[in-house]
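The values are calculated or read from the model by the stated rules, or taken from the named source; none is laboratory data. This one's a predicted model, so the numbers in the text were calculated from it and none came from an experiment. All Cβ positions, glycine included, derive from the backbone under ideal geometry; neighbour counts span all protein chains shown. Remember, those area values only see protein heavy atoms, side chains included, never the ligands or the DNA or RNA. Shrake-Rupley method; radii C 1.70, N 1.55, O 1.52, S 1.80 Å.
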Amino acid sequence: MEAWIRAFVLILLFPTFSEAVVRHYTFKVVMKNYTKLCSTKSIATVNGKFPGPTLRAREGDNVLINVINNINSNVTIHWHGIRQLRTGWSDGPAYITQCPIQPGQSYLYNFTVTGQRGTLLWHAHISWLRSTLHGAIVILPQKGTPYPFPKPAKEKIIVLGEWWKADTEAIINQATQSGMPPNVSDAHTMNGYTGPVRGCSVSSKGTYTLHVDHNKTYLLRIVNAAINDEIFFKIASHKFVVVEVDASYTKPFTTETVYITPGQTTNVLLKTDQSPSGKYLIAMSSFMDAPVAVDNITNYGLLRYKGGHLGSPLALTSMPLINATQSQLKFINSLRSLNSKKYPVNVPLTIDHSLFMTMGVGVNPCATCLNGNKLVGTLNNITFVMPTIGLLQAHYYKINGVFTDDFPANPITTFNYTVANFTGGLGTLNGTKVYSLPYNSSVQVVLQDTSIIAPESHPVHLHGTNFFVVGMGIGNYDANKDPMNFNLVDPVERNTIDVPTGGWTAIRFRADNPGVWFMHCHLEVHTSWGLKMAFLVKDGDGPNQSIIPPPKDLPKC
Ligand code: C2O
């Protein structure tokens with residue numbers, strides 16, 4: 001029996017009145033031949049499963065996951081969206097908060113779920129291993145605390161992903177060597193099922209089916225674990241009520257289409273109120289409104305009512321076009337924090353540190369690359385260079401020479417960021433730079449997409465804290481006018497947000513979690529190219545305001 005089932009059964013048998021419990025998990029990273037899809041290949045899995053096991057906990061629980069690395073590559077696991085209050089050692093990004101777990105080694109991740117409930121995801125945070133090493137995290141509210149929406153009869157998890165026929169480590173290694181973009185994926189996955197696969201004749205194999213009872217309300221926990229694709233998700237003839245994103249409750253709103261980027265999670269209520277004798281298409285397709293290649297194959301699953309006939313008519317649905325910017329923005333702009341008495345919005349109203357960051361892609365010389373140069377990612381014209389030991393260790397043990405704390409708060413030069421035909425220089429500076437924040441300072445970051453090479457929608461993820469999305473717009477950010485339209489009343493709170501193509505997004509957060517926190521584009525291709533930086537939040541003077549000491553089994557580089 002799996003550890004969580006055992007824990008669950010114990011809880012059912014022996015109801016306890018103590019609040020928080022300790023949850024033990026064992027994550028064995030092992031290679032497994034995966035034959036469910038049209039191409040058979042050996043993939044890195046947790047416990048032989050794809051997607052990996054669901055991590056379940058309640059708000060307040062202490063979660064212990066023993067990750068045992070039984071594959072030939074280094075591994076780390078990131079608990080995406082878990083706040084990791086003072087426990088940066090358990091956050092997981094390789095060379096940011098820890099050295100990787102080497103083959104044959106293990107590491108015990110240890111954190112307490114504080115002030116969060118909803119759906120998140122875990123994934124490997126080194127190279128491209130997260131393409132198959134990922135799974136859902138379900139955090140239930142504390143015992144006796146209801147959801148702030150009608151209790152669903154049942155819950156289902158839907159993990160969306162991407163599938164390459166080739167080994168994804170080979171894909172990214174080849175791209176790194178050539179300096180060119182990596183190949184797009186060959187299929188999209190729904191809970192591991194591919195549906196149609198590029199260049200593959202067996203398409204009926206592996207269709208995801210969601211079986212439901214008639215006239216019930218389901219809670220769908222939708223996770224985008226894809227590597228590079230922002231996704232539209234729909235179910236024919238049915239509507240969704242969005243109630244939570246990134247483990248933060250939202251004001252409920254009704255939509256036919258869910259838009260979800262890599263790293264994001266979205267909980268929706270689904271009423272199974274259609275004819276039970278029908279079957280209904282579930283579809284996921286890519287969004288890309290820039291001249292950039294993505295996997296354009298729509299994956300289909302089926303929603304079926306229990307007791308429905310096998311030969312029942314199939315209800316189809318039409319997806320938004322691949323470049324449907326309006327569908328993307330409509331969904332994003334519909335999101336508001338619940339902002340209730342129990343779940344108030346704590347958006348900082350005054351700002352101690354105001355940053356403006358340009359983001360995008362550039363080109364740097366590379367003697368060994370195909371054209372003598374390579375594509376790179378940038379924030380404020382800096383391409384982040386990965387250190388060889390964890391930044392958090394370097395900070396904690398005061399090891400000099402690993403990073404500099406001079407990440408610029410503004411672009412080094414100003415220019416027309418979103419001009420149609422950018423003619424300026426494409427080169428970037430290299431550096432391992434962090435931006436230091438005093439404990440408890442309030443921070444605003446305006447992320448500005450640029451048209452250098454091509455404008456593009458970037459899902460930006462911040463580790464260690466949630467942020468509030470106070471503003472978003474198309475074109476160049478105007479520091480004089482745009483803040484007047486900021487939403488400081490009920491902005492959505494989350495951990496990953498798009499910077500729209502040729503536009504900007506403004507986020508605010510309070511730096512109340514000491515540690516080193518990665519911020520990067522959650523398109524893995526851009527992370528690989530260096531579209532990343534880190535914030536260093538200093539210890540406070542109070543009793544619970546400093547990083548806890550590192551665990552004894554913290555991996556060494
Ligand atoms: Cu979901 Cu830094 O990652």
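A few notes on this one:
- Any hit, the range 82-93, residues being among the hydroxyl-bearing types (Ser, Thr, Tyr) and more than 16 Å from residue 548 (Cα to Cα): no
- Counting residues in the range 126-137 that are closer than 29 Å to residue 228 by Cα, over 14 Å from the mean Cα position of the chain (by Cα), in contact (Cβ under 8 Å) with a residue 60 or more places away in the chain and assigned to a strand (DSSP E or B) gives zero.
Per-residue answers, yes or no, for (1) over 21 Å from the mean Cα position of the chain (by Cα); (2) buried (at least 19 other Cβ atoms within 10 Å of the Cβ); (3) not assigned by TED's automatic domain parsing to the domain that holds residue 288:
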position	(1), (2), (3)
480	yes, no, yes
489	yes, no, yes
498	no, yes, yes
505	no, yes, yes
510	no, yes, yes
514	yes, yes, yes
518	no, yes, yes
531	no, yes, yes
547	yes, yes, yes
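- Breaking point among (1) among the polar types (S, T, N, Q); (2) open to solvent by 40 Å² or more (accessible area, probe 1.4 Å); (3) within 16 Å of the ligand (Cβ to nearest atom), for residue 119: (2)
- Taking the range 354-373 as the range and being open to solvent by 40 Å² or more (accessible area, probe 1.4 Å) and touching a Ser or Thr at 6+ places or on another chain (Cβ under 8 Å) as the test, only 370 passes.
- The range 454-469: number of residues that are within 16 Å of the ligand (Cβ to nearest atom) and part of a loop (DSSP other than H, G, I, E, B): 4
- Matching option when the condition is among the polar types (S, T, N, Q), closer than 23 Å to residue 230 by Cα, outside the structural domain of residue 293 (by TED's automatic domain parsing) and more than 16 Å from the ligand (Cβ to nearest atom), among 442, 451: 451
- Every residue from the range 327-372 that is on the phi > 0 side of the Ramachandran plot and without any contact (Cβ under 8 Å) to a residue 40 or more places away in the chain: 372
- Against the conditions (1) open to solvent by 30 Å² or more (accessible area, probe 1.4 Å); (2) β-branched (Val, Ile, Thr); (3) closer than 20 Å to residue 513 by Cα, residue 419 satisfies every one except (3).
- As for the range 86-102, it holds at least one residue that is within 17 Å of the chain's Cα centre (by Cα), under 19 Å from residue 226 (Cβ atoms) and within 13 Å of the ligand (Cβ to nearest atom).
- Matching option when the condition is over 29 Å from residue 231 (Cα atoms), within 16 Å of the ligand (Cβ to nearest atom) and either over 25 Å from the mean Cα position of the chain (by Cα) or surrounded by 15 or more Cβ atoms within 10 Å (Cβ to Cβ) (or both), among 392, 429: 392
- Test: residue 148 is assigned to a loop (DSSP other than H, G, I, E, B) and open to solvent by less than 20 Å² (accessible area, probe 1.4 Å): no
- Here residue 62 does not fit the description of being surrounded by fewer than 24 Cβ atoms within 10 Å (Cβ to Cβ) and touching a helix residue (DSSP H, G or I) at 6+ places or on another chain (Cβ under 8 Å).
- Listed by first and then second residue, the pairs linking a residue in the range 286-309 that is on the phi > 0 side of the Ramachandran plot to a residue that is outside any strand (DSSP E or B) and modelled with pLDDT under 95, with Cβ atoms under 9 Å apart and 6 or more places separating them unless they lie on different chains, are 307/276; 307/277.
- Index of the failed condition, residue 55 passing every other in (1) closer than 30 Å to residue 253 by Cα; (2) open to solvent by less than 10 Å² (accessible area, probe 1.4 Å); (3) away from the ligand (no atom under 15 Å from the Cβ): (3)
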